[in-house]
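Okay, structure first, notes after.
The values are calculated or read from the model by the stated rules, or taken from the named source; none is laboratory data. Just so you know, these numbers come straight off a predicted model, no measurement behind them. Counting neighbours? That spans all protein chains shown, and the Cβs are built from the backbone with ideal geometry, glycine included. To get the accessible areas, we keep the full protein, side chains included, count just its heavy atoms, and leave off ligands, DNA and RNA. Shrake-Rupley method; radii C 1.70, N 1.55, O 1.52, S 1.80 Å.
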Amino acid sequence: MKQITDLKEVKDNLPIKTENMSGAIADLNQNDNPGKNTRVAIIGGGLMGMALAHRVSELNTTVKVFESGSQLGGLSTHHDYGDFSWDKFYHVIVPTDGSLINLIKDIGLEEKLRWSRSYTGYYVDKKFHSLNSPKEFLLFPLLNIWDKVRLVFTIFYGGRINDWKKLERTTVKDWLIKMGGKKNFTKFWEPLLLAKLGENYKRVSAVFIWTYIRRLFKAREHPVEKDYMGYVSGGYKTVFDRLKDLLAKKGSSVMLNTSVESIVLLADGGLEVRYNDKIEHFDKVIFTAPINILEKVTSPTLFEIKKTDKSIEYLGVVCLALVTRKPLTPFYVLNMGDVNTPFTGVIGISSLVDQEETAGNYITYFPKYIPSDHEYWDMSDEAIREIFMSGVRNLYPDLVDDDIVSTHINRAYKVQPLQVLNYSGIIPKIKTKHPDFFILNTSQFVNDSVNNNRVVQHVDGFMEQVAKELEKGPITNLR
Ligand SMILES: Cc1cc2nc3c(=O)[nH]c(=O)nc-3n(C[C@H](O)[C@H](O)[C@H](O)COP(=O)(O)OP(=O)(O)OC[C@H]3O[C@@H](n4cnc5c(N)ncnc54)[C@H](O)[C@@H]3O)c2cc1C
């Protein structure tokens with residue numbers, strides 16, 4: 001088959017211009033035979049790729065998912081902790097995650113969805129504080145009554161702001177101080193920001209905290225009690241196993257350990273996907289992996305990317321998962337006000353998850369969000385383990401060696417883009433240039449954090465727009 005490698009060649013070959021893609025789809029000479037089973041490749045087996053594969057496979061299509069890793073799930077994948085497997089990084093579902101919950105129901109896992117009361121703690125000035133009821137809030141010793149009134153006002157007011165664009169122009173620190181005062185900031189908000197972003201919060205805009213407050217505020221209006229958090233029994237592995245089984249039942253499939261090396265547009269219709277020294281032909285390709293991979297495996301024939309001179313900085317995460325014989329913390333999140341700890345928060349997943357899920361053990365995560373030039377990336381797991389464990393022992397001096405079952409250091413290099421000032425103006429605008437090629441990834445989230453509810457919403461929105469186009473065959477006879 002003839003390959004097209006040059007953009008001009010594609011444009012010359014197309015019967016009409018592709019700038020207005022939906023118009024182009026309608027007008028192009030497509031194979032619109034309803035009896036035809038369209039072959040669709042999906043690149044990336046994270047939640048975006050697998051939720052999409054599930055939806056696309058319900059159409060008149062055959063889907064193949066390509067995943068470079070040895071297991072499905074991407075950032076939501078599982079880890080072998082010895083006697084049990086659980087999420088590699090901590091994941092919870094909140095009651096307002098409607099799209100994600102719908103997906104879980106849709107794939108028949110509603111009965112495996114569990115909800116538990118979640119508790120939040122603050123560690124400030126070497127003391128643990130519980131902040132889980134109005135009474136505890138009133139008794140919280142670090143803020144006076146006037147600070148508390150201002151804190152409630154900040155949450156109430158922030159939850160009602162709709163125009164997030166205005167918030168992009170001010171730093172989260174300035175906005176929170178303006179709303180609630182300096183003391184509220186240092187004693188309440190700063191530990192929370194440190195837990196999520198490390199020192200990098202100083203460059204982040206107020207949109208970051210706005211999304212957080214809105215989630216909190218929405219939860220109050222939700223029928224499921226606001227302080228409950230959920231998980232699927234067996235962790236995200238259960239979700240990915242089910243998605244994979246459902247695909248197989250529909251004649252679709254997943255290829256693990258398969259890194260897609262290139263995607264090439266063919267002159268006589270469809271695209272070629274190259275992997276592991278093989279070449280396979282598809283009618284449509286949907287790409288869900290990160291942008292830097294997109295730029296590596298495709299040519300500008302297929303997509304257009306508009307970048308500003310400011311590049312997007314990503315935070316990665318280094319995370320100690322500590323498996324113990326006894327519970328370490330009653331809190332799901334312990335926000336760290338003590339800047340000297342090597343981690344930026346303590347996530348007590350076992351305060352939510354039934355001990356049967358973790359073979360009678362308790363699992364606690366100690367994450368640190370760091371930029372791409374942080375020294376931790378060059379350090380061995382052993383060195384990081386030593387640093388983090390000394391922080392754990394400072395925090396929990398009663399912990400003895402016999403209590404520890406195992407320790408695991410996991411890393412993810414690119415997790416969360418730093419939503420700096422005017423972030424929406426600097427995110428690269430990616431546009432597909434061909435109606436048989438689609439791009440769908442988290443880099444396009446402008447006013448939200450990277451979370452799985454948003455991922456499923458993104459997939460649902462995409463399907464509403466293009467489901468019909470996917471069932472059509474490839475564009476043919478470009479010449
Ligand atoms: C520490 C941490 C905590 C989190 N907590 C929560 C939480 O509590 N709740 C929540 O909702 N979300 C949480 N998230 C976010 C959640 O993990 C992400 O929303 C989700 O994983 C994004 O899915 P994705 O498919 O878009 O990307 P990814 O998971 O990154 O998937 C992309 C996939 O593409 C594959 N790939 C890359 N290149 C190629 C190639 N050339 N060929 C084939 N495949 C390729 C990768 O291997 C990867 O599997 C958390 C994330 C982290 C790191």
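Key figures for this structure:
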item	result
Inter-part distance where the stretch 251-303 and the stretch 58-87 are each reduced to a Cα centre, Å	19 Å
The stretch 182-206-the stretch 366-394 distance, computed between alpha-carbon centres (Å)	20 Å
Among 263-276, 140-153, the order from most to least packed when residues are scored by Cβ within 10 Å on average	263-276, 140-153
Hydrodynamic radius of the chain per Kirkwood, over alpha carbon pairs, in Å	24.2 Å
Extension gain, SER406 back to ASP373 (0.36 nm per residue minus Cα-Cα distance, nm)	9.0 nm
Potential lengthening between ILE145 and LYS178 on full extension [0.36 nm per residue; Cα-Cα distance subtracted]	10.1 nm
Order by protection proxy (mean Cβ within 10 Å, highest first), peptides 100-106, 256-262	100-106, 256-262
Spin-label model distance (nm) - SER380 vs LYS112, 7 Å beyond Cα toward Cβ	3.8 nm
Fraction of antiparallel bridges per DSSP, the chain only, in percent to nearest 5	70 percent
Relative counts (whole %) of C-alpha pair distances in the stretch 140-221, using bins that are 5 Å wide	3, 16, 26, 27, 20, 7, 1, 0
Cα-projected label distance for ASP163 with THR308, points at 7 Å along beta-carbon direction, nm	1.9 nm
Antiparallel %, DSSP beta bridges [both residues in the stretch 258-343], to 5	90 percent
Solvent exposure ordering (accessible area, 1.4 Å, most first) of GLU136, GLU469, GLU110	GLU110, GLU136, GLU469
Sum of -39500 (n - 2.57) over DSSP H runs of 4+, divided by residues of the chain (222 nm, nearest 500)	-9500 deg cm²/dmol
